[in-house]
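Okay, handing you the structure first.
The values are calculated or read from the model by the stated rules, or taken from the named source; none is laboratory data. Everything quoted here is computed from the prediction, not taken from an experiment. Heads up, the Cβs are rebuilt from the backbone with ideal geometry, glycines too, and the neighbour counts pull from every protein chain shown. Protein only, heavy atoms only, side chains kept; ligands, DNA and RNA dropped before computing areas. Shrake-Rupley method; radii C 1.70, N 1.55, O 1.52, S 1.80 Å.
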Amino acid sequence: VTKIKYYEDLNMLLTSSLDGFIHMHDLETLQYRPKKTFNLHLKGINSFVYSVKHKQVASCGEERHIILWEPYTLTNLAYLNGHNTSVTNLDINEENCHLISLGTDKVVKIWDTKHYECLFTIIDRMTYRPEDILSALTYDPVTNNILVCSITIKFWPFKTQEEIKTSHEAPVSFAKYNHHFDAVVSGDDAGFIAVWDIENGKLMSKF
């Protein structure tokens, strides 16, 4: 078993396993067979998360995609493709309808759960010892930060315009327009990402 969590909104206990199944248990009949079983994963499952706002479950595992599905009917809603390795962790930003995923190659992706597409990709290029992996991920809605763990806890803070005195201090390696947010996203060789307001050219955030 890789994860176990009770969701009050569903009144169900969800468990995932490396056998590729997610079982949904009624707590009153927990010692008997699960009430429902989701079985569209072909390989082991590493994690899952339930969105109370959108009434859907996202699950991931040894496959390179994430499956979004409806917990009441077990209907498949979408496959999110984009990771090049297995997906180990998931979390959700309910307010902005964002699903956050972590791959074994230290790539973090932010997905739009309304349109089922990837909005941002963050690559952690830092080398960790003894194992060069990120072992856990979570989203903090209070500070609007994504936290990842290796041998230490690392977080990507979003700064306001007033906190930033300059734009990029290292050579800019790319710039791309994001039509979902009507903003330009740029990145530099030092690993910093900047988000610019397309209307007035002001720097909105940097991480």
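Along the charge dipole of region 98-207, pointing to its positive end and built from +1/-1 on Cβ of Lys, Arg, Asp and Glu, which listed residue (Ala183, Ile198, Ile153) has its Cα farthest out?
It is Ile153.
Next question. Heads up, I need the accessible area for Met204: 1.4 angstrom probe, whole protein in place, Å², nearest 10.
90
While we're on this one: Between Ile22, Leu80, Ile122, whose Cα lies farthest towards the positive end of the dipole of the chain when Lys and Arg beta carbons carry +1 and Asp and Glu beta carbons carry -1, centred on the Cα centre?
Ile22
Mind checking the dipole of region 58-170: about its Cα centre, +1 per Lys or Arg Cβ, -1 per Asp or Glu Cβ, Debye to the nearest 20? Before the final figure, lay out each step's value.
Numbers: 9 positive and 16 negative charges, 53 e Å.
That gives region 58-170 a dipole magnitude of about 260 debye.
Given the options His41, His54, His115, which has the most mean-square fluctuation in a GNM of the chain, springs set between C-alpha atoms less than 10 angstrom apart?
In this elastic network of the chain, the residue with the biggest mean-square fluctuation among His41, His54, His115 is His115.
Quick one: length gained pulling Asp197 to Asp26 fully straight, 0.36 nm per residue minus the C-alpha distance? Show your work: numbers first, answer last.
Numbers: separation 171, 0.36 × 171 = 61.56 nm, distance 4.82 nm.
So the chain would gain 56.7 nm between Asp197 and Asp26.
With the crude spin-label approximation of a point 7 Å out along Cα→Cβ, what separation in nm comes out for Lys35 versus Asp182?
4.4
Moving to a separate point now. For region 4-137, what is the relative contact order in percent, using Cα pairs closer than 8 Å and at least 6 residues apart in sequence?
Numbers: 293 pairs, mean separation 17.8, N = 134.
About 13 percent, as a whole number.
Taking the solvent-accessible surface of protein heavy atoms with a 1.4 Å probe, what is the per residue accessible area of the chain in Å²? Don't skip to the answer; put the middle values down first.
Numbers: 11580 Å² over 207 residues.
Dividing the accessible area of the chain by its residue count gives 56 Å².
Roughly to the nearest percent, how much of the accessible area of the chain is carbon and sulfur, given a 1.4 Å probe? All intermediate terms of the calculation are to be shown ahead of the outcome.
Details: 6240 of 11580 Å².
In the chain, the share of accessible area belonging to carbon and sulfur is 54 percent.
Tell me which lysines have Cα within less than 30 Å of Lys176's Cα, excluding those fewer than 8 residues away on the same chain?
Lys106, Lys109, Lys114, Lys154, Lys159, Lys165, Lys202, Lys206
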